[in-house]
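First comes the structure, then the notes that go with it.
The values are calculated or read from the model by the stated rules, or taken from the named source; none is laboratory data. Keep in mind it's a predicted model, so treat the numbers as computed, not measured. Methodologically, a virtual Cβ is constructed for each residue, glycine included, from the backbone with ideal geometry; neighbour enumeration extends over all protein chains shown.
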Amino acid sequence: MKVTKTVEETRKLVKAWKQEGKSIGLVPTMGFLHEGHASLIRRCREENDIVVVSDFVNPTQFGPNEDLEAYPRDFKRDSELCESLGADLIFNPEPEEMYHDPHAFVSIDLLSETLCGKTRPIHFKGVCTVVSKLFHIVTPDKAYFGQKDAQQLAIIRKMVQDLNFDIQIVGCPIVREEDGLAKSSRNTYLNTEERKAALCLSKALRRGMDVIHPQADASEVLGEMRAIIEAEPLARIDYVSMVDALTMQPVEKVEKDVLVAMAVYIGKTRLIDNFSYEV
């Protein structure tokens, strides 16, 4: 397995692989890899000749007073995991390599204005910018993203469509702990009491999945879910919402495919989770 730090050396390797007729798969990550990331890498390994994993904590998707400096990092562990899963390359640039004197940014406005975008207004602008950079650098045939970040996945699909990237976006299922908590790098922030309290997210999701049905009122489904979260003293709701699965705009009734998503603070740690419902 190779490790590159620069755009130039990454492009050189990818160009050589493509000249050999090999297909390229990309798994974009911010490092501190867990089983959720591992599932993406395994899927990528199954479907491509070459597996590229980007390991880069992207500063442009963090707003003021967010956890950029505290975000967990362990590149040695990341590289060992990637090698054990058969990755061919880790692209691990420094911020200065990705952003020299940035003036050009990419944003998908409508889809970015709800859910996480409402309280993190610059987040998806940073995500779209770094992902588009990675697409230009690695030029993959397929790119793999987890469905836990469902709004991000929808935005990236729209970006690829609107900007005519010749890339297939592959969404992969949420990976959970045995007790139901969605895998996340931020789970490491939780102390023992908070880790137990965080289960209110998956409990609320299960309740939502139990009560949702075609023509259901969003307020009724969301009310059942909110009641479970609000009963947990350590939890503070950022949002619990039902949106159109394609446009990410709020809906009042289940009349088409929807995404039910939440962001909840457990102590100081912000966690997200979701489920999709197809009519």
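A compact table of results
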quantity	calculated
Single residue of the stretch 111-122 satisfying the filter (under 22 Å from residue 258 (Cβ atoms) and of a type outside the set (D, E, K, R)) that is surrounded by the fewest Cβ atoms within 10 Å (Cβ to Cβ)	119
Test for residue 190: is it buried (at least 19 other Cβ atoms within 10 Å of the Cβ), under 23 Å from residue 254 (Cβ atoms) and assigned by TED's automatic domain parsing to the domain that holds residue 270	no
Yes/no for residue 202 being under 28 Å from residue 108 (Cα atoms) and part of a helix (DSSP H, G or I)	no
Conditions (1) exposed (fewer than 14 other Cβ atoms within 10 Å of the Cβ); (2) at pLDDT 95 or above: number failed by residue 65	(2)
Residue within the stretch 21-39 that is loosely packed, with under 15 Cβ neighbours inside 10 Å and within 25 Å of residue 161 (Cβ to Cβ) present	yes
Odd one out for residue 124, checked against (1) aromatic (Phe, Trp, Tyr); (2) touching a helix residue (DSSP H, G or I) at 6+ places or on another chain (Cβ under 7 Å); (3) under 15 Å from residue 37 (Cβ atoms)	(3)
Tally, over the stretch 151-187, of residues that are charged (D, E, K, R), without any contact (Cβ under 8 Å) to a residue 24 or more places away in the chain and within 29 Å of residue 199 (Cβ to Cβ)	3
Residue identified as crowded, with 18+ Cβ neighbours inside 10 Å, over 25 Å from residue 238 (Cα atoms), out of contact with any helix residue (DSSP H, G or I) (no Cβ under 7 Å at 6 or more places or on another chain) and not acidic (Asp, Glu) among 165, 135, 91	135
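Matching residues to (1) among the charged types (D, E, K, R); (2) over 24 Å from residue 69 (Cα atoms); (3) surrounded by fewer than 22 Cβ atoms within 10 Å (Cβ to Cβ):
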| site | (1), (2), (3) |
| --- | --- |
| 185 | no, no, yes |
| 226 | yes, yes, yes |
| 238 | yes, no, yes |
| 246 | no, yes, yes |
| 249 | no, yes, yes |
| 272 | no, no, yes |
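One line per residue, one yes/no per condition, for (1) in the same structural domain as residue 157 (by TED's automatic domain parsing); (2) in contact with a Ser or Thr (Cβ under 9 Å, 6 or more places away or on another chain); (3) part of a helix (DSSP H, G or I):
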| position | (1), (2), (3) |
| --- | --- |
| 108 | yes, no, no |
| 111 | yes, yes, yes |
| 114 | yes, yes, no |
| 125 | yes, yes, yes |
| 128 | yes, yes, yes |
| 133 | yes, no, yes |
| 136 | yes, no, yes |
| 145 | yes, no, no |
